[in-house]
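S.K.: I'd like to ask you about the structure that follows.
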Amino acid sequence: MITRLINQDLISLNLQATTKEEVFLELIDVLHGQGRISDKQQFLADIKAREELGNTGFEEGVALPHAKSAAVIEPAVVIGVSRTGIEYGAEDGLPSKLFFMIASPDGGDNHHIEVLAELSSKLIEDGFIERFFAAQNNQEALALLLEKPEEQAAVQTDVSKGFVIGVTGCPAGVAHTYLAAEALEKGAAELGYEIKVETNGSIGVKNSPTDEEIARADAIIVACDKQVDMARFAGKRLVETNVKAPIRDAKGLINQALSAPAYQASASASKATTAEKASQTRSDLYRYLMNGVSHMIPFVVTGGLLIALALAIGGKPTEAGMAIPDGSMWNQILNVGVVAFTLMIPILAGYIAYAIADRPALAPGLIGGWIANNGSFYGAEAGTGFIGAIIAGLLVGYFVKFITSINYHKFIQPLVPIMIAPITGSLFIAGLFIFVIGAPIASLMDGLTAMLTSMSTGNVVLLGIVLGGMAGFDMGGPFNKVAFLFSVGMIASGQTQFMGAMACAIPVAPLGMALATVLGRKLELFEASEIEAGKASGAMGLVGISEGAIPFAAQDPMSVIPANVLGSMVAAVMAFSFGITNSVAHGGPVVALLGAMNLPILALVCMASGAVVTALTCVTLKKIRKAKQIAATA
């Protein structure tokens, strides 16, 4: 990696800077002059943002400023030497003289982490820093950096004395992590021991020892400033220290571990570790979902409010549903809202995938979400909605994460994030939905339609339960669409009571979620973004847009979906019981107020009752889940 990112034109052996910021500016000028960055100010801002997370000044006069930035055109490392030294804030209090500035694209690759790991092997070499300071020209300095390990004299024994395990990690998970790992590996080699070092870096936990390796280890060195799973090392000789200790004296630390007492892990610690692992899995999944939901909300709010505004002011009830007269300005506003609504499901899938596997997963995630929401790809009358988007996002994310984790040849590696991963990910999710998932969905929709048709002459209470439950289950997905299309079809045969029940059930989910955010605000059951989304959800519910509840269902399906289903069932059963009819293919209070329903007041009562049931159920379920989480962490 170093050989691809460093050349003699990216080395400055006589910096003129006298302050930390001047060093940044001088090195950034070199990067810009070599065409490696497009925007000097943006890259400077990103470098400073990284410094705020933790000073990158190290001992012995070395500093490693670095950043992932959208301003980076091509990854690079620029090296500077200050002969007088500058005050950088290094931990040993000494001036910094040798600077490695690493520029990495703001994408899926972690070039700066990989380069830091590779630079660690150089910086840990005895005398390397002194030899670099003594370099007379750029060619000599570059030769020192590119010197192969096998060209250096190394003291190694043919027969291993034993096996030790190291664990390193610093809070930022960057340079100290890999410097400590290199120091332990070098120290173990000099002592004649085989070693495996787990790094807890910013790109995740790498090189973890297996249970078999832990069992045969003679000693464990945990040099980590962040929490790690200690229970796995129970019964082994172990020394625990900070991440800097092996950098100072790796051999002494290894010898200390070899004579240390056996580590005892309490039963409670073991249980806690298991719970932490389960909690981490849950928190990761929640983080992935929230990344998709947070990016989707602006599309839901924008699209929903524009459609609601257009229909409420410019719309008129017709047999085909709420319609806006041709030539009206409100048609254009409606079309803009439809665009936002069309994009929200792919956005949900795309950014779930992005949270899992970074930028290489974004394009296939968006494509997968679009296919999932468009039933024409697999012969269904409706797509899978937000549930399909979540499935698509998760599948794409983990697939692309696997693809990018493979060790490719150095000539192929640059193509992985921009070509190989996006193309294979897109083909994977498209093939899965079109040839595997799609057919069962189409068959399911046909089966549901047949079921509703067979029930149409039966008990209205049972039909209301089924129709309402389908309306509230997936808010625009296949179940909702089947129930809606069935009800629309019954209008043509003169049976408008089905659309009456459907019209009462449609707005329950968004209105219920709006009410739930009001009721649950003091109980701290909803986040700030959800409370804001609740206001938009209420507006959408008034004009019969059930998609307003999607962000809530995507974020907490176990609480929201049952609440939506129950409330929608109540509204539909009440509508059937009161004999409410609706002659237009739309739902919500707006339809009742515009005179399309035979009993508008009772219709509004049905909608309000369902919304109250949904809100109370949702708040109750969220309180129960919150209480369980508190009890689990107590």
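The values are calculated or read from the model by the stated rules, or taken from the named source; none is laboratory data. Since this is a predicted model, take the numbers as computed values, not measurements. Cβ: placed from backbone, ideal geometry, glycine included. Neighbour counts: every protein chain shown. Surface areas here come from the heavy atoms of the whole protein model, side chains and all, with no ligands, DNA or RNA. Shrake-Rupley method; radii C 1.70, N 1.55, O 1.52, S 1.80 Å.
S.K.: Going residue by residue through region 294-308, is there one that turns out to be outside any loop (DSSP other than H, G, I, E, B), farther than 22 Å from ILE347 by Cβ and at pLDDT below 85?
M.R.: No, region 294-308 contains no residue that is outside any loop (DSSP other than H, G, I, E, B), farther than 22 Å from ILE347 by Cβ and at pLDDT below 85.
S.K.: Also: Could we say that LEU258 is open to solvent by less than 50 Å² (accessible area, probe 1.4 Å), at pLDDT 90 or above and either closer than 30 Å to ALA67 by Cα or aromatic (Phe, Trp, Tyr) (or both) here?
M.R.: No: the conditions fail for LEU258.
S.K.: Oh, and also: Would you pick out the residues in region 561-574 that are open to solvent by less than 10 Å² (accessible area, probe 1.4 Å) and in contact with a Leu (Cβ under 8 Å, 6 or more places away or on another chain)?
M.R.: Those that are open to solvent by less than 10 Å² (accessible area, probe 1.4 Å) and in contact with a Leu (Cβ under 8 Å, 6 or more places away or on another chain): ALA563, ALA572.
S.K.: Here is a follow-up. Considering only region 441-452, I want to know if a residue exists there that is loosely packed, with under 14 Cβ neighbours inside 10 Å, at pLDDT 80 or above and within 25 Å of the chain's Cα centre (by Cα).
M.R.: Among the residues of region 441-452, not one is loosely packed, with under 14 Cβ neighbours inside 10 Å, at pLDDT 80 or above and within 25 Å of the chain's Cα centre (by Cα), which makes the answer no.
S.K.: Kindly provide the set of residues from region 357-375 that are buried (at least 24 other Cβ atoms within 10 Å of the Cβ) and within 10 Å of the chain's Cα centre (by Cα), ordered by number.
M.R.: ALA357, the sole residue that qualifies.
S.K.: Going through GLY431, GLY393, GLY375, GLY425 one at a time, which residue ends up being within 24 Å of VAL488 (Cα to Cα) and of a type in the set (Gly, Ala, Ser)?
M.R.: GLY375
S.K.: Residue by residue through region 453-474, note down the ones that are of a type in the set (Ser, Thr, Tyr) and surrounded by 14 or more Cβ atoms within 10 Å (Cβ to Cβ).
M.R.: Across region 453-474, the qualifying residue is only SER456.
S.K.: What is the residue count in region 202-252 for residues that are assigned to a loop (DSSP other than H, G, I, E, B) and either touching a helix residue (DSSP H, G or I) at 6+ places or on another chain (Cβ under 8 Å) or charged (D, E, K, R) (or both)?
M.R.: Residues in region 202-252 being assigned to a loop (DSSP other than H, G, I, E, B) and either touching a helix residue (DSSP H, G or I) at 6+ places or on another chain (Cβ under 8 Å) or charged (D, E, K, R) (or both): 11 in total.
S.K.: Among the residues of region 487-543, write down those that are open to solvent by 50 Å² or more (accessible area, probe 1.4 Å) and of a type in the set (A, V, I, L, M).
M.R.: ALA492, LEU515, VAL518, LEU519, LEU523, ALA528, LEU542
S.K.: Quick one: which residue in PHE484, PHE428, PHE402, PHE435 is open to solvent by 30 Å² or more (accessible area, probe 1.4 Å), among the aromatic types (Phe, Trp, Tyr), closer than 22 Å to ILE561 by Cα and assigned to a helix (DSSP H, G or I)?
M.R.: PHE484
S.K.: Still on this model: In region 56-79, what count of residues is obtained for those that are over 16 Å from GLU22 (Cα atoms) and in a loop (DSSP other than H, G, I, E, B)?
M.R.: 6
S.K.: ALA219 is checked against (1) at positive phi; (2) at pLDDT 90 or above and fails just one. What number does that condition carry?
M.R.: It is condition (1) that ALA219 fails.
S.K.: Within region 145-169, track down each residue that is surrounded by 14 or more Cβ atoms within 10 Å (Cβ to Cβ), touching a helix residue (DSSP H, G or I) at 6+ places or on another chain (Cβ under 7 Å) and modelled with pLDDT under 85.
M.R.: Listed by number, the residues that qualify are LEU145, GLY169.
S.K.: Tell me, which helices (runs of 4 or more DSSP H) wholly within region 498-570 include 3 or more residues that are out of contact with any strand residue (DSSP E or B) (no Cβ under 7 Å at 6 or more places or on another chain) and free of Cβ contacts under 8 Å to residues at least 24 places away in the same chain?
M.R.: Passing ranges, in order: 528-542.
S.K.: Right, another one. Scan region 582-628 for residues that are surrounded by fewer than 21 Cβ atoms within 10 Å (Cβ to Cβ) and assigned to a loop (DSSP other than H, G, I, E, B) and jot them down.
M.R.: SER583, LEU594, GLY595, ASN598, LEU599, listed by residue number.
S.K.: So which of ILE86, ILE11, ILE2, ILE37 is open to solvent by less than 40 Å² (accessible area, probe 1.4 Å), closer than 30 Å to ALA245 by Cβ, touching a strand residue (DSSP E or B) at 6+ places or on another chain (Cβ under 8 Å) and at pLDDT 90 or above?
M.R.: ILE86
S.K.: While we're here: Within the set of pairs 6+ apart or on separate chains, which have a first residue in region 432-458 that is touching a residue at least 12 places away in the same chain (Cβ under 8 Å) and among the β-branched types (Val, Ile, Thr), a second that is open to solvent by less than 40 Å² (accessible area, probe 1.4 Å) and not in a helix (DSSP H, G or I), and C-beta atoms under 7 Å apart?
M.R.: ILE441/ALA380; ILE441/THR384
S.K.: Show the residue pairs meeting these rules: Cβ distance below 6 Å; 6+ apart or different chains; first residue within region 383-411 and in contact (Cβ under 8 Å) with a residue 12 or more places away in the chain; second residue outside any helix (DSSP H, G or I) and open to solvent by 60 Å² or more (accessible area, probe 1.4 Å).
M.R.: Here the result reads none, with nothing in region 383-411 linked to a residue that is outside any helix (DSSP H, G or I) and open to solvent by 60 Å² or more (accessible area, probe 1.4 Å).
S.K.: Between a residue in region 4-23 that is farther than 18 Å from ALA134 by Cα and any residue that is among the aromatic types (Phe, Trp, Tyr) and assigned to a loop (DSSP other than H, G, I, E, B), which pairs come within a Cβ distance under 6 Å, given they are 6 or more apart or on different chains?
M.R.: LYS20/TYR88
S.K.: Something else now. Condition first: in contact with a Leu (Cβ under 7 Å, 6 or more places away or on another chain) and farther than 15 Å from ILE352 by Cα. Can you find one or more residues in region 380-395 that meet it?
M.R.: Looking through region 380-395, at least one residue is in contact with a Leu (Cβ under 7 Å, 6 or more places away or on another chain) and farther than 15 Å from ILE352 by Cα.
S.K.: How many residues does region 473-512 contain that are within 21 Å of GLY304 (Cβ to Cβ) and either of a type in the set (A, V, I, L, M, F, W, C) or modelled with pLDDT of 90 or more (or both)?
M.R.: 16
S.K.: Being open to solvent by 10 Å² or more (accessible area, probe 1.4 Å), at pLDDT 80 or above, part of a helix (DSSP H, G or I) and not small (Gly, Ala, Ser): is that true of GLU51 here?
M.R.: yes
S.K.: I've got another one for you. Quick test of your reading of the structure: ILE347 fulfils all but one of (1) over 30 Å from LEU191 (Cβ atoms); (2) modelled with pLDDT under 90; (3) not in a loop (DSSP other than H, G, I, E, B). Name the failing condition by number.
M.R.: The single condition ILE347 does not satisfy is (2).
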